[in-house]
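The values are calculated or read from the model by the stated rules, or taken from the named source; none is laboratory data. Please read all numbers here as calculations on a predicted model, not as lab measurements. Cβ atoms come from the backbone with ideal geometry, glycine included; neighbour counts cover every protein chain shown. Please note that ligands, DNA and RNA were not included when accessible areas were found on the heavy atoms of the full protein model with its side chains. Shrake-Rupley method; radii C 1.70, N 1.55, O 1.52, S 1.80 Å.
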Amino acid sequence: LGSPGPIGRQTLEVAAACGHRVLALTAHHNIALLEQQARTFHPILAAAADPTAAAALAMRLSDTDIRVLAGEEGVLAAARLPQADTAVTALVGIAGLAPTLAAIDSGKRIALANKETLVCAGPLVMARAREKGAEIVPVDSEHSAIFQSLQGSSPKELRRILLTASGGPFFGWSREALEGVTPARALQHPNWSMGAKVTIDSATLMNKGLELLEAMSLFDVPEKIQILIHRESILHSAVEYCDNSVIAQLGDPDMRLPIQYALSWPDRTPGPARPLDLLSVGKLTFAQPDLKTFRCLALAIRAAREGGTAPAILNGANEVAVERFLAGKIGFLQIPQVVEAALDTVPRAAALTLESIQAADQAARRAAARAAEG
Ligand code: MG
């Protein structure tokens, strides 16, 4: 799901290298690349969420026997495709929630790359997965590292999680220096090549806040999660056990590795990622995140403490704030201001349901849009 995006493209590289069959491909509107991918991988079906794009895709693929579906329903049909045993959810934002639930309902393994799904609806998604017997294997590099570090241990031996963060392109910068940051500058990430949304989230440290929320849903840990800035992006996260042993997963920063593991787990297979050369890395460093300068992370911690619909409000407001920043409508330091305005004003729902999450998301978007105007 979301095959033209960066995770989608790397998933197809892994599929080609490791011999996985690709049965469905979906896009929002990037049908030029979707067509190319469909011609290479010959899926049973291809879907575009945008109906106009889907009509054009049907024309482009009319000389093949690939079924082309349109709209949200088309994406859901791909998520449910009975012949597939795994769904790679690489959609961006809360748009990934409904297709992820559809794939869970059909009992598939979820190779989860859409972190907003767990951020907004973690308890709901995890309960549904347990009920349907669907495995959730994280693709996010940090969560894959935690998942890998937990293999062969019992949950009751676990004490805490050490979640690492690259610190983004503005590590060590002051608020004054951040004032004039442009979208082009913020899109240059030192270690990872990712989509625009997650790259901006990495620059504001909101990405780590969302990952904190994601980790809280995925893993049951008694003590709080420690966030560590780790500039080298080699140690992708770790877990600490009750005997004070720390087990970590290390590797070259390459998303193909966690994608491949999510597809092959519990087995490991040779793959396209480069081997790690620790001698050329030289040293690994760790530092405390600066919550005063990078306020998005502090806001995410606030939403995590509160729970309920607060994370959905945080996420919805952040999606709007990032979009406005990329469009040149607001400054870099206004991103946390817009998110905070939504957290301060949007009423909380009493119960966590799909409806209350969607309502919180919509209300947060309206509040964020107002804050971005003002
Ligand atoms: Mg990550």
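Within segment 130-149, the set of residues being acidic (D, E) and within 16 Å of the ligand (Cβ to nearest atom) comprises D140, E142. Looking only at residues of segment 109-144 that are among the basic types (K, R) and surrounded by fewer than 21 Cβ atoms within 10 Å (Cβ to Cβ), we find that the one that is nearest to S356 (Cα to Cα) is R128.
The single residue among Q188, Q151 that is touching a helix residue (DSSP H, G or I) at 6+ places or on another chain (Cβ under 9 Å), over 24 Å from R305 (Cβ atoms), of a type in the set (S, T, N, Q) and open to solvent by 20 Å² or more (accessible area, probe 1.4 Å) turns out to be Q188.
Any residue in segment 201-221 that is β-branched (V, I, T), open to solvent by less than 20 Å² (accessible area, probe 1.4 Å) and more than 23 Å from G316 (Cβ to Cβ)? Looking for residues that are β-branched (V, I, T), open to solvent by less than 20 Å² (accessible area, probe 1.4 Å) and more than 23 Å from G316 (Cβ to Cβ), one finds none in segment 201-221, hence no. Determine if segment 50-67 includes at least one residue that is open to solvent by 10 Å² or more (accessible area, probe 1.4 Å), within 16 Å of the ligand (Cβ to nearest atom) and modelled with pLDDT of 95 or more. For segment 50-67, residues open to solvent by 10 Å² or more (accessible area, probe 1.4 Å), within 16 Å of the ligand (Cβ to nearest atom) and modelled with pLDDT of 95 or more: absent. Once segment 261-297 is narrowed to residues that are polar (S, T, N, Q), part of a loop (DSSP other than H, G, I, E, B) and open to solvent by 40 Å² or more (accessible area, probe 1.4 Å), the residue that is farthest from P311 (Cα to Cα) is T269.
One residue alone among G152, G172, G168 is within 16 Å of the ligand (Cβ to nearest atom) and either at positive phi or in a helix (DSSP H, G or I) (or both), and that residue is G168. Checked against the criterion of being touching a helix residue (DSSP H, G or I) at 6+ places or on another chain (Cβ under 7 Å), open to solvent by 20 Å² or more (accessible area, probe 1.4 Å), modelled with pLDDT of 95 or more and not acidic (D, E), the candidates A47, A24, A79, A32 yield just one match: A24.
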